[in-house]
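Student: Could you have a look at this structure, given as C-alpha cells, before my questions?
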Amino acid sequence: MRNLKHALRTLFRTPFVTVVGILSLALGIGANAAIYSLFNEMLLQPLPVSHPEQLVNFTGPGPRNGQTSCNSAGKCDEVFSYPMFRDLERAKTAFSGIAGHYLFGVNLAMPGKTAINGRGVFVSGSYFPVLGLRAAIGRLFTPNDDQTIGGHYLAVLSHAYWESHLGADPSVLDKQIVINGHPMTIIGVAPKGFDGTTLGERPYVFVPISMRGATNTGWTGFEDRRSYWVYLFGRLKPGATIKQAGASINTIYSHVLNDLEVPLQTGVSAKSLAQFKARKIILADGRRGQSNLIRSSRTPLVMLLTITGIVLLIACANIANLLLARAANRTMEMAVRLSLGATRNQLIAQVLTESVLLAALGGVVSVLVAHWTLNGITAMLPAQAASGMDFRLSIPAIWFTAVVSLFTGVLFGIVPALQSTRPDLVTELRNNSGKLAGGRGAARFRTSLVTAQIALSMALLIAAGLFIESLRNISRVDLGIDVENVATFAISPRRSGYDSTRIAGLYARVEDELAALPGARGVTSASIPLVGNSNWGQRVSVEGFAKDPDTDDDSSFNPVGPNYFHVLGIPLLAGRDFTVADNNAGAMKVAIVNEAFAKKFKLGANVVGKQMSADNDSLNVTIVGLAKNSKYSEVKGEIPPVFVRPYRQVELGQMYFYVRSALPPDQVLRAIPVVIRKLDPNLPVEQLKTLPQQVRDNVALDRMISVLSGSFAVLATLLAAVGLYGVLAYSVAQRTREIGVRMALGASSATVGGMVLRQVGRMTLIGGAVGIAGAIALGRGAQSLLYELKGWDPIVIAIAAVLLTLVALGAGLVPALRASRVDPMQALRYE
C-alpha cells in the first residue's frame, strides 16, 4: 500500500503526461480487447454444453451423384443422406451417440401474436442427449421423438425466443405454435445461452428432423440415398480418441457405401466410381460446433488481432520512453534512497508499481474504448450478421484486458526500473555532477524504441493501404446491373401454409400491387437474390454440347419473374425478355442464358432458338435470350454460367421482389410492408432493403477490415509521432549545453536545426525500411482478403512512405526549431 500511494503521488505530480499515457494505453489495450472479444467468440469459445471437447464433426468428401443441399452450418462435402445418418447412428462404434441437424427458415405464429420470420433447426432425437443439455422448462427431444417420418408435431423453443417474444411465460408448455403453417406442440425450452450448434445463426425453434417433409410440402428426401442434406456430429465414448473413432466409423461407412450406395451410382465413369468407393469419413474437433463462419473469419480475425497487437506495442514503446525520461529525472532521488539503505529490489518494486498502476488505469479506460469499437463494428455489419453474434465485451475479453494490462505494465516498466536503480548510480552521480540525468545507453534504447515504432507504423500504413485499395477495386467492379433506385424484399408463403396454386396467385397479386405504387417504374422477382451469397445449381444438357459422365455440366439456375432483365438493367445481347405470357405453367418452356453459359456450353453465335434441359430431362426448353454477364451471387466472385426460367414453370418457394421507383428509397421501403399486410397480415416481410444496401452487405467484411485497419494504422502513426516528438524534445533538452557550446563556437541556427532533423531522417529511414519488409510479410498473410491486388503494391508503399515521412518531419520540426533558438549564454549555465 505504501508503494501504491507513492506511485499515485508520483504519477499525478505531472497530470498532463500521466493522462496522455493512460489514453495511449487505453487506445492500444481497448482495440486489442475488442478484437479479442470477437476472436474468442468466433474461434475459441466452445459450445455451452457438457464436455464439448468430446464432440466430433463429420465430413464426407469425395464425388457424389445426386442432390446436395448445404447451408451456413458447413460446406457441401459435410452433409450426408438421411438413410446414411440412420445407418451410422445405429452402428456400434467409438461414439456414445451421433446426431443430425439442418437449418431452415421459419414463419412462426402464436395465437394473438403477429407472425414473425426467423431460423429453425431440424434436429434428430439424439441431438440434445448427445450435447448433454437439459431443458430450462419442460423437456427436450429424445430418440423416441423422431422415429416416425412426419409423425411428431413437437417443438422446442430457444431460450432467447421464449424470453424476447413470449415474455418467459412458463404456461407456453403444451400450447400450439404454428411453424410454417403447421401447428406443433411446445414441449420445452432449451437452456439459456444455447443458440444451436451453428455459429452466427440463432434459431427460434427446434423441430424433429423427421418433420422436414411435413413442413416442406413436396419434399421427399428421407429414403433417397442420393439426397445429401444432413449435418452430423458425435460424442466420443469416455477414453476414445478421434483416431479410434475414425477407424470404427469408417468400417461401417465403407460397408454401407459399397453394399447399398454403389449400385445407385448409374451413369458415372469408372474413375468416378472408384473414387466414390474409396470415400472416407473425416473427423474434426467439434467443440465449436459446425459453421462456415468459423472457417471464413479465421484469417481476417488473426490479421486484425495482429494489427491491434502492433498498435499496443507502439503504445507500450511510448510509455517506456515516458518512464525512461521520468526515471532519468529521478536519478538524484534514487541515488539518495540507495545511499540511505534502500535495496535495489525495493526500488525496482516501486518503479514497477508505478508502471503497473499506469497500465491498470489505462486498462480501466480501455473497457470504454473496446465497447465503442465493438459498437462501430456492429454498425458496419449487415443487420442479419450482427443479430447472429454477441458483439459485446465478454468475460473472457475482460480477463484478457486485465492480463494485457498487467503484462504491458511489466513490459514497459522493467527497463526504466533497471536503468534507474543500477548499483553504480551514486558513483556516476559523483563523477557527472551537474549533468542532466540519462546516459548514452538509455538514449540509445529510447531511440531504438522510436525507430521500432516507425517500423511498425510503416507496416500498418502499408497494410491499411492494401485493404483500402482492395475495397476501392471492389467499389469499381462493373456489376452489370443498374442497382440505383431499386428496393428489394422477400416473402415465404409456403412457410405460412400456402400450396403451389395459392402461391402463384399471391405472387401475381403482389406484382400487381407493387406496380400500382406511386412512382413505380418496374417490378420483377427471382427465387435467388442478386449478390446475396446464395446459389442454386443444376446439371444441364444443351443442344450440340457433347458430354460424358465426368464432364462438368453444372450451371447456376434462377426462376424469375416477367421483365427481369429490363427492370434490373441487365442488357440483352440477343432475343427477348420474359413476358407475363411466359410466366404460366402451361406456356412453352423457355430460358434465357448469360454469356458465361453460352461460352461454357459452346453455343456459338446463334444462341437464340437452341434447346436445353435440366437434370437430364429431354431437350425440352427453348433458349429465347442471351443476357450480358452480370454479377450473380458475390460482388467479388467470378460470374458463373447462369440460366433463368419463368418462376411459374418450376416449383414455387421463397421469392425476392425488386421494385424500381422514381421515389426516394425510404418511401418505397415504407410502402412495401403496407402492400403485403393488405394481402396477408400474417405473412412476414423479410430482408427489406435497397439493392445498393444489398451490394454493400455483400462486401461488408471487406469494408470492415479496411475501416478498422485504416483506423488502427492512423492511431499507430499518431502514437509513433508522439513518441518521436517526446524523444527528440528530451534529446534537445539533454543536449542543451552541447548545443550552446556549438553555437558559441559559430554554429548557425540552421546547422543546429538540421542536426535534429538528420536524427529524424535516420530513424525514419531505418524504421521505414524495416517496416516495408514487415508489411510485405503481413500482406502475404492477408493475400486471400485482397481483391485483384497482390500482397504488396509499390504505389501503396510509396504513399505510406511519404505520409510517414511527413508525420515524422512534423513531429521533429518543433524540437528542431527549439534547438535552433537556444541562447548560448543561457545554455552554458543550464543544469
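Student: Would you call I468 buried (at least 20 other Cβ atoms within 10 Å of the Cβ), β-branched (V, I, T) and either touching a helix residue (DSSP H, G or I) at 6+ places or on another chain (Cβ under 8 Å) or at negative phi (or both)?
Tutor: no
Student: Further, regarding this structure: Can you pull out the strands (runs of 3 or more DSSP E) entirely within the range 463-577 that have at least 1 residues that are over 23 Å from Y658 (Cα atoms) and touching a residue at least 40 places away in the same chain (Cβ under 8 Å)?
Tutor: Here the list reads 537-542, 554-560, 572-575.
Student: When V106 is evaluated against the numbered criteria (1) under 30 Å from the mean Cα position of the chain (by Cα); (2) more than 16 Å from D224 (Cβ to Cβ); (3) at pLDDT 90 or above, which criterion, by number, is the only one it fails?
Tutor: (3)
Student: Could you please give the count of residues in the range 226-246 that are in contact with a Gly (Cβ under 8 Å, 6 or more places away or on another chain) and either open to solvent by 50 Å² or more (accessible area, probe 1.4 Å) or not in a helix (DSSP H, G or I) (or both)?
Tutor: 10
Student: Is the range 182-190 home to any residue that is under 31 Å from the mean Cα position of the chain (by Cα) and under 23 Å from G289 (Cα atoms)?
Tutor: Looking for residues that are under 31 Å from the mean Cα position of the chain (by Cα) and under 23 Å from G289 (Cα atoms), one finds at least one in the range 182-190, hence yes.
Student: Restricting the range 110-139 to residues that are among the polar types (S, T, N, Q) and part of a loop (DSSP other than H, G, I, E, B), which is surrounded by the most Cβ atoms within 10 Å (Cβ to Cβ)?
Tutor: S124
Student: Suppose we keep only residues that are modelled with pLDDT of 90 or more and more than 35 Å from the chain's Cα centre (by Cα) within the range 523-544. Which one would you say is surrounded by the fewest Cβ atoms within 10 Å (Cβ to Cβ)?
Tutor: Applying the filter and picking the extreme gives E543.
Student: Next question, about the same structure. Restricting to the range 31-57, name every residue that is assigned to a loop (DSSP other than H, G, I, E, B) and surrounded by fewer than 16 Cβ atoms within 10 Å (Cβ to Cβ).
Tutor: P46, P48, S50, H51
Student: With the requirement that a residue be open to solvent by less than 20 Å² (accessible area, probe 1.4 Å) and farther than 24 Å from E651 by Cα, what does the range 549-585 give you?
Tutor: Listed by number, the list holds a single entry, I570.
Student: Could you give me the residue pairs with C-beta distances under 6 Å whose first residue belongs to the range 286-313 and is in contact (Cβ under 8 Å) with a residue 60 or more places away in the chain and part of a loop (DSSP other than H, G, I, E, B), whose second residue is among the acidic types (D, E) and open to solvent by 20 Å² or more (accessible area, probe 1.4 Å) wherever it lies, and which are 6+ apart or on separate chains?
Tutor: Filtered contacts from the range 286-313: R287/E53.
Student: I've got another one for you. Going through L140, L133, L88 one at a time, which residue ends up being more than 30 Å from V685 (Cα to Cα) and out of contact with any strand residue (DSSP E or B) (no Cβ under 9 Å at 6 or more places or on another chain)?
Tutor: Exactly one residue qualifies, and that residue is L133.
Student: Then there is this: Return the residues of the range 107-151 that are hydroxyl-bearing (S, T, Y) and either free of Cβ contacts under 8 Å to residues at least 40 places away in the same chain or under 23 Å from G193 (Cα atoms) (or both); say none if nothing qualifies.
Tutor: Matches in the range 107-151: S124, S126, Y127, T142.
Student: Okay, next question. Is it the case that V256 is surrounded by 12 or more Cβ atoms within 10 Å (Cβ to Cβ) and in contact with an Asp or Glu (Cβ under 6 Å, 6 or more places away or on another chain)?
Tutor: Judged against the criteria, V256 is a match.
Student: Of all residues in the range 58-77, which are under 23 Å from F104 (Cα atoms) and either open to solvent by less than 20 Å² (accessible area, probe 1.4 Å) or among the small types (G, A, S) (or both)?
Tutor: Correct list: F58, G60, G66, S69, S72, A73, G74.
Student: So K280 clears everything in (1) in a helix (DSSP H, G or I); (2) of a type outside the set (G, A, S); (3) at pLDDT 90 or above; (4) open to solvent by 60 Å² or more (accessible area, probe 1.4 Å) except one condition, right? Which one?
Tutor: Failing condition for K280: (1).
Student: Okay, next question. Might you let me know whether the range 310-327 holds any residue that is of a type in the set (S, T, N, Q) and farther than 30 Å from G200 by Cα?
Tutor: yes
Student: How many residues does the range 388-418 contain that are part of a helix (DSSP H, G or I), farther than 13 Å from A359 by Cα and either of a type in the set (D, E, K, R) or open to solvent by 70 Å² or more (accessible area, probe 1.4 Å) (or both)?
Tutor: Count: 4.
Student: Go through the range 710-750 and count every residue that is part of a helix (DSSP H, G or I), at pLDDT 70 or above and of a type in the set (S, T, Y).
Tutor: 4
Student: Of the residues G193, G213, which single one is assigned to a helix (DSSP H, G or I), surrounded by fewer than 23 Cβ atoms within 10 Å (Cβ to Cβ) and at pLDDT below 95?
Tutor: G213
Student: If you don't mind, another one. Can you pull out every residue in the range 623-659 that is among the charged types (D, E, K, R) and more than 31 Å from the chain's Cα centre (by Cα)?
Tutor: If the condition is that a residue be among the charged types (D, E, K, R) and more than 31 Å from the chain's Cα centre (by Cα), then K628, R645, R648, E651 are the ones that fit.
Student: If you don't mind, there's one more thing I want to ask. Just checking, does the range 15-33 include any residue being over 17 Å from F412 (Cα atoms) and modelled with pLDDT under 80?
Tutor: For the range 15-33, residues over 17 Å from F412 (Cα atoms) and modelled with pLDDT under 80: present.
Student: Residues of the range 372-387 being among the hydrophobic types (A, V, I, L, M, F, W, C), open to solvent by less than 30 Å² (accessible area, probe 1.4 Å) and touching a residue at least 12 places away in the same chain (Cβ under 8 Å), which ones?
Tutor: Of everything in the range 372-387, those that are among the hydrophobic types (A, V, I, L, M, F, W, C), open to solvent by less than 30 Å² (accessible area, probe 1.4 Å) and touching a residue at least 12 places away in the same chain (Cβ under 8 Å) turn out to be L374, I377.
Student: Another question about this same structure. For the range 57-73, indicate whether the set of residues that are hydroxyl-bearing (S, T, Y), under 18 Å from I209 (Cβ atoms) and modelled with pLDDT of 95 or more is non-empty.
Tutor: Checked against the condition, which is being hydroxyl-bearing (S, T, Y), under 18 Å from I209 (Cβ atoms) and modelled with pLDDT of 95 or more, the range 57-73 yields no hits at all.
Student: Six or more apart or on different chains, Cβ under 7 Å: which pairs go from a residue in the range 343-361 that's farther than 14 Å from V410 by Cα and in contact (Cβ under 8 Å) with a residue 24 or more places away in the chain to one that's in a helix (DSSP H, G or I) and among the aromatic types (F, W, Y)? Could you list them?
Tutor: Note: no pairs meet the criteria.
Student: Can we say S492 is in contact with a strand residue (DSSP E or B) (Cβ under 9 Å, 6 or more places away or on another chain) and under 13 Å from L652 (Cα atoms)?
Tutor: Judged against the criteria, S492 is a match.
So that you can scan it fast, the table gives a plain yes or no per residue for (1) at pLDDT below 85; (2) surrounded by fewer than 17 Cβ atoms within 10 Å (Cβ to Cβ); (3) assigned to a helix (DSSP H, G or I); (4) out of contact with any helix residue (DSSP H, G or I) (no Cβ under 6 Å at 6 or more places or on another chain):
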{"position": "G774", "(1), (2), (3), (4)": "no, no, yes, no"}
{"position": "K790", "(1), (2), (3), (4)": "yes, yes, no, yes"}
{"position": "P815", "(1), (2), (3), (4)": "yes, no, yes, no"}
{"position": "A819", "(1), (2), (3), (4)": "yes, no, yes, no"}
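Student: Among the residues of the range 87-102, which ones are open to solvent by less than 10 Å² (accessible area, probe 1.4 Å) and assigned to a strand (DSSP E or B)?
Tutor: I98, A99, G100, H101
The values are calculated or read from the model by the stated rules, or taken from the named source; none is laboratory data. The structure presented is a predicted model; accordingly, all values stated were derived computationally and were not measured. Don't worry about glycine lacking a Cβ; one is built from the backbone with ideal geometry, like all the others, and counts go over all protein chains shown. Note: areas computed on protein heavy atoms with side chains; ligands, DNA, RNA excluded. Shrake-Rupley method; radii C 1.70, N 1.55, O 1.52, S 1.80 Å.
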